[in-house]
Amino acid sequence: MRRILTLIMLLLGLGGLLLADVNIVQSLENDNDLSVGDRFYFHLRAEYPLNRVVVPDTLTNFKVIKVERITEAGLPAHFKLTIVPLLPGYHSFPSLQVQPVDSGNPIAYTDRFRLNIVPVRAESDTTLVDIKAPLKYPWQSPGWLYILAVVLLLVLVFLFFWLGRKKSVPEPIKPVEVPEPKLPNWKKSLQKLLDLQARDLLSKDMVIQHHYELSWILREFIMHEYRIAALEMTTFEIRVAINRVGILKSDEVIRFLAFCDMAKFAKHKPSLEETKAMEDWLKSYLLAFEVIEAQKLLNRPPGETDAANR
């Protein structure tokens with residue numbers, strides 16, 4: 001019974017694949033008398049708009065140098081692929097996966113096709129020879145003149161360094177550069193938040209970009225402050241990490257990151273008031289570390305405080 005069900009499912013899948021291929025109309029352009037390096041074009045059309053053509057990484061005998069998605073008024077979007085053969089001989093171009101814009105339409109596959117790539121010279125010819133003898137261009141100087149010019153150049157270079165060594169100039173005293181005080185992590189992140197607000201991406205309807213950078217500021221702060229690779233983690237992984245380490249207001253941090261994820265990935269468009277409230281929370285969260293830093297300075301012994309100020 002299990003074998004029968006498996007066979008039925010295989011036949012249904014094969015039937016769906018064959019049905020999907022019927023929807024694609026493919027055609028070739030400039031595919032006659034091709035040599036290595038010549039370009040030809042592969043057109044893909046369907047009754048519905050196409051979104052993407054997947055070119056396999058295993059393609060070796062051909063190189064797809066350009067994939068154009070063409071949209072014309074009154075016609076569904078279609079593709080034009082510019083392809084270059086790399087080797088002479090008979091070669092088969094593999095089937096490509098074509099994905100539609102609407103998921104309700106089937107994913108289709110192109111038919112394989114075979115091309116004869118004409119070699120540019122005979123197989124037995126392995127020697128490169130000049131077609132004509134080298135020609136002299138007008139006003140060409142004799143060869144000895146170039147040698148003389150090189151010798152003079154070497155003499156000038158030697159004199160330049162030799163005379164320069166004689167007249168050595170004392171180096172000016174460089175002023176001692178006082179290193180700038182290192183900004184704390186909370187202050188760097190706060191400045192990035194203020195810069196993001198000044199760009200006013202929300203007024204330009206760049207909601208996803210705004211929430212992406214908003215989430216990045218907090219993730220970068222967590223990475224530098226707590227040594228957690230938050231830039232490479234999902235929100236769930238960050239939750240596990242900060243619960244293990246124990247950071248300030250961990251529940252509110254996760255709520256903030258989840259809010260940004262909704263805007264980035266779930267196509268949720270929060271209101272301006274919601275976003276402003278989250279920005280105010282992030283600002284107050286970062287400023288809380290200023291208080292913590294001041295308390296640490298007050299709790300230090302006098303000697304350590306003076307050394308830190310220096």
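Amide hydrogen proximity for Ala46: with H placed 1.01 Å from N in the peptide plane, the residues at 5 or more positions away or on another chain lying under 5 Å are Val25.
With θ taken as phi - 60° and the Karplus curve 6.51 cos²θ - 1.76 cosθ + 1.60 applied, the whole-hertz 3J(HN,Hα) list for the range 269-278 is 9, x, 6, 4, 5, 5, 5, 4, 5, 5 Hz, x standing for glycine and proline. Of the trypsin sites (Lys or Arg not before Pro) found in the range 179-216, those that fall in a DSSP loop while having at most 14 other beta-carbon atoms within 10 Å are Lys182. If only the Cβ of Lys and Arg carry +1 and only the Cβ of Asp and Glu carry -1, the dipole of the range 9-118 around its Cα centre is close to 200 debye. Taking amide hydrogens as placed 1.01 Å from N in the peptide plane, the amide H of Asn51 sits under 5 Å from those of Gln99, Val101, each at least 5 positions away in sequence or on another chain.
Each peptide in 62-73, 238-249, 80-91 receives the mean, over its residues, of other Cβ atoms within 10 Å, and ordering these scores from highest gives 80-91, 238-249, 62-73. Stretching the chain fully between Asp251 and Val67 yields a gain of 61.6 nm (0.36 nm per residue, less the alpha carbon separation). In this structure, the residue pairs whose Cα-Cα separation is over 28 Å, taken from Lys182/Lys264; Lys66/Lys264; Lys204/Lys267; Lys182/Lys249; Lys192/Lys296, are Lys182/Lys264; Lys66/Lys264.
Gain on full extension, evaluated as 0.36 nm per residue between Phe236 and Leu159 minus their Cα-Cα distance, stands at 20.8 nm.
Couplings 3J(HN,Hα) for the range 65-71, derived from phi with the Karplus relation 6.51 cos²θ - 1.76 cosθ + 1.60 (θ = phi - 60°), are 8, 7, 10, 10, 9, 9, 10 Hz, where x marks Gly and Pro.
If both residues of a DSSP beta bridge must be in the range 9-118, then about 95% of such bridges are antiparallel. Summing Cβ point charges (Lys, Arg +1; Asp, Glu -1) relative to the Cα centre of the range 197-257 gives a dipole of roughly 140 debye. Per residue, the average separation of C-alpha pairs within less than 8 Å and at least 6 apart gives the range 185-309 a relative contact order of 30 percent.
Per-residue packing, averaged as other Cβ atoms within 10 Å, sorts the ranges 48-60, 93-105 into the order 93-105, 48-60, beginning with the highest. The string of couplings for the range 251-258 from the Karplus curve (6.51, -1.76, 1.60, θ = phi - 60°) is 5, 5, 4, 5, 5, 5, 5, 5 Hz, one whole number per residue in order, with x for Gly and Pro.
All of the numbers you see were taken from the coordinates with simple rules; none came from a lab. In this text the structure is predicted, and so the values were computed from the model without any measurement. A quick note on method: Cβ atoms are made from the backbone with ideal geometry, for glycine too, and the neighbour counts reach across all protein chains shown.
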